[in-house]
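So the structure is just underneath, and the comments pick up after that.
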Amino acid sequence: MVQTNERWGSRVGLILAMAGNAVGLGNFLRFPAQAVQNGGGAFIIPYLVSFLLMGIPLLWIEWAVGRHGGQFGHHSAPGMMERIGRGRAWKYVGVFGIFTNLAVAAYYAYIESWTLGYVWYSLTGAFAGQSAEQVSHFFSAYLNIGSGHFLNISGPAILFFLITISINIYILSRGLAKGVEIASKIGMPLLLVFGAFLAIRALTLNAGEAGAVNNALDGLNFLWQPQFDSLTNPKVWLAAAGQIFFTLSVGMGTIQCYAAYLREKDDIALNAATAGWMNEFVEVILGGSIIIPIAVAYLGLPWIQANVGFEMGFRTMPTLFQNWGPFLAAAAGVAWFGLLFFAGITSSLAMGQPVMAFLQDEFNLSRKRSALTLGGILLMLSAPCLLLYEMGAFGEYDYWAGTFSLVAFALLESIAFAWVFGIDKGWEEINRGADIKVPHFFKFVIKYVTPLFLLAVFVGSLLKPEAGNWAAAFGSLFSGGGWPFAADSVIGTVLNVGIAEKRWFIDGMPTQIFILNMTRLLLLSTFIIIGVAVYAAWRRKGAKA
């Protein structure tokens with residue numbers, strides 16, 4: 001194993017990099033959609049409870065796992081999991097920490113490239129004078145979707161994607177302190193400045209001003225007015241817990257990798273909490289103060305509830321900005337898509353680092369060679385997302401790598417940390433060198449509450465019933481009608497619930513179900529290949545010993 005001398009250059013750089021890892025596109029595109037789709041204020045209470053009982057404890061677990069593994073020369077999940085799991089088989093659980101980053105980065109970098117493209121189009125005034133329908137059509141044309149073609153081949157989309165991948169690989173090749181840390185020190189402050197500009201402009205919009213028909217604050221009222229009935233709704237709890245996973249980047253292996261470059265007595269208790277709360281500030285305060293208030297001001301709450309989704313940031317926001325006049329419209333476009341780009345790149349850099357660390361540690365590749373290897377793998381894995389976006393390949397990547405894999409890994413990791421490594425040793429690891437006193441209450445939470453919370457989320461995602469109606473599902477089961485799986489449950493997805501056409505080919509052309517099944521096979525094959533690589537690396541080390 002190659003021993004690396006890489007360290008973080010400063011504490012500020014570490015916190016900004018960790019916060020940048022968590023702060024991503026989901027803070028501004030996914031969070032507003034989840035909040036609106038789950039009732040606004042009805043979503044916030046389960047969301048905050050999930051953050052305190054699952055999010056913060058998982059952050060401490062992953063920082064502790066990472067720093068502990070780093071003391072033994074492990075900077076990626078397989079080696080770390082073997083150390084805390086106290087058994088050779090646990091290294092294969094760490095495969096999730098490589099697979100998730102590769103698969104998520106493959107489609108995440110594609111969305112990231114959209115934001116870079118839209119920065120350019122905002123600067124050049126491409127949306128000036130366009131109607132809402134024209135802006136929406138612009139997005140479809142940019143991705144070449146809705147045209148009836150089997151492959152979504154788009155010159156501009158591919159060009160900006162290649163530029164985005166090149167920027168990521170270049171920064172990663174420069175190293176931790178000179179690459180990732182500098183990018184975070186530049187990107188995160190700019191993100192906050194752009195976000196503050198848009199939030200202030202949004203929250204000062206009143207009915208009758210700049211074409212607004214409603215007060216923007218009506219959107220905030222919807223988001224923050226408590227609705228306690230959500231506390232008994234499993235569907236809302238599942239959505240809230242899922243958003244916490246997505247927004248904090250837990251269950252991926254990125255946090256552990258960054259923490260592995262800490263020294264034995266470097267603080268993790270305060271650093272983890274600071275990075276977590278910074279992410280929540282960006283998501284809830286900034287992310288909740290841009291899309292929802294602006295869209296409500298111009299389109300009204302009923303329209304938002306009917307049409308909200310992550311594509312809204314590209315199909316709708318440029319149109320709404322046009323109400324602010326030519327200069328402010330261009331500035332708002334650059335700020336909006338600029339903050340999305342910086343949010344995206346700080347996260348995608350974090351996804352690349354664990355893969356590179358695995359190649360460096362276990363296969364003795366130099367940093368530049370591992371960066372080029374990562375780039376080549378991402379280009380191959382991203383091809384289905386680029387070319388078969390409309391056929392559902394993109395969604396399969398997001399579901400299996402960006403949702404299921406996160407929960408599975410976090411569940412196994414929490415069990416290994418609290419029950420195999422041992423909560424006493426784990427608690428000592430969290431508190432060693434700590435700059436704050438972690439409330440002893442969290443020792444109980446980490447051992448019992450967090451694993452049970454994760455188990456509930458995992459089982460819920462497996463068995464999620466149609467329309468999220470658990471009472472009706474149990475009624476159907478006990479009456480002999482069987483369990484009505486939701487189309488987006490794990491079992492429902494495997495069984496292709498909701499897809500009427502089951503044939504793979506029609507008139508010689510592949511159907512959607514063929515693309516979905518082949519995408520799943522590709523992802524499964526990727527997972528297995530990584531597992532084989534882990535086996536080969538450990539066998540190679542054993543032969544040298």
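The values are calculated or read from the model by the stated rules, or taken from the named source; none is laboratory data. As the structure is a prediction and not an experimental result, all values here were calculated from the model. Neighbour counts run over all protein chains shown; Cβ positions are idealised from the backbone, glycine included. What goes into the accessible areas is simple: the full protein's heavy atoms, side chains included, and nothing from ligands, DNA or RNA. Shrake-Rupley method; radii C 1.70, N 1.55, O 1.52, S 1.80 Å.
Listed values, structure above:
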{"quantity": "Extreme residue, nearest to Ile158 (Cα to Cα), among residues of segment 111-138 that are of a type in the set (S, T, N, Q) and in a loop (DSSP other than H, G, I, E, B)", "calculated": "Thr124"}
{"quantity": "Number of positions in segment 225-234 that are surrounded by 14 or more Cβ atoms within 10 Å (Cβ to Cβ) and closer than 15 Å to Gly40 by Cα", "calculated": "3"}
{"quantity": "Identity of the residue in segment 398-416, modelled with pLDDT under 95, among the hydroxyl-bearing types (Ser, Thr, Tyr) and open to solvent by less than 50 Å² (accessible area, probe 1.4 Å), that ends up nearest to Leu262 (Cα to Cα)", "calculated": "Ser405"}
{"quantity": "Test result for Asn279, surrounded by fewer than 24 Cβ atoms within 10 Å (Cβ to Cβ) and either in contact (Cβ under 8 Å) with a residue 60 or more places away in the chain or not in a helix (DSSP H, G or I) (or both)", "calculated": "no"}
{"quantity": "Any hit, segment 513-520, residues being among the basic types (Lys, Arg), in a helix (DSSP H, G or I) and free of Cβ contacts under 8 Å to residues at least 12 places away in the same chain", "calculated": "no"}
{"quantity": "Scope segment 380-396; condition part of a helix (DSSP H, G or I) and touching a helix residue (DSSP H, G or I) at 6+ places or on another chain (Cβ under 7 Å); matching residues", "calculated": "Leu381, Ser382, Pro384, Cys385, Leu386, Tyr389, Met391, Ala393, Phe394, Glu396"}
{"quantity": "Matching residues in segment 373-397 - criterion: being touching a residue at least 40 places away in the same chain (Cβ under 8 Å) and open to solvent by 40 Å² or more (accessible area, probe 1.4 Å)", "calculated": "Ile377, Leu379, Leu387, Glu390"}
{"quantity": "Tally, over segment 183-218, of residues that are open to solvent by 50 Å² or more (accessible area, probe 1.4 Å), touching a Ser or Thr at 6+ places or on another chain (Cβ under 9 Å), under 18 Å from Ile292 (Cβ atoms) and not aliphatic (A, V, I, L, M)", "calculated": "0"}
{"quantity": "Any hit, segment 417-425, residues being at pLDDT below 95 and open to solvent by less than 50 Å² (accessible area, probe 1.4 Å)", "calculated": "no"}
{"quantity": "Enumerated helices (runs of 4 or more DSSP H) restricted to segment 152-234, each holding at least 2 residues that are among the basic types (Lys, Arg) and in contact (Cβ under 8 Å) with a residue 12 or more places away in the chain", "calculated": "182-203"}
{"quantity": "Pairs where the first residue, in segment 131-142, is among the hydroxyl-bearing types (Ser, Thr, Tyr) and the second is part of a loop (DSSP other than H, G, I, E, B) and open to solvent by 50 Å² or more (accessible area, probe 1.4 Å), C-beta under 6 Å, 6+ apart", "calculated": "Ser140/Gly146"}
{"quantity": "Among the residues listed as Ser370, Ser366, the single one being open to solvent by less than 30 Å² (accessible area, probe 1.4 Å) and closer than 30 Å to Ile530 by Cα", "calculated": "Ser370"}
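Here is a yes/no grid of residues against (1) at pLDDT below 90; (2) open to solvent by 40 Å² or more (accessible area, probe 1.4 Å):
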| position | (1), (2) |
| --- | --- |
| Phe444 | no, yes |
| Val457 | yes, no |
| Pro465 | no, no |
| Phe474 | no, yes |
| Ala486 | no, no |
| Thr493 | no, no |
| Lys502 | yes, yes |
| Pro510 | yes, no |
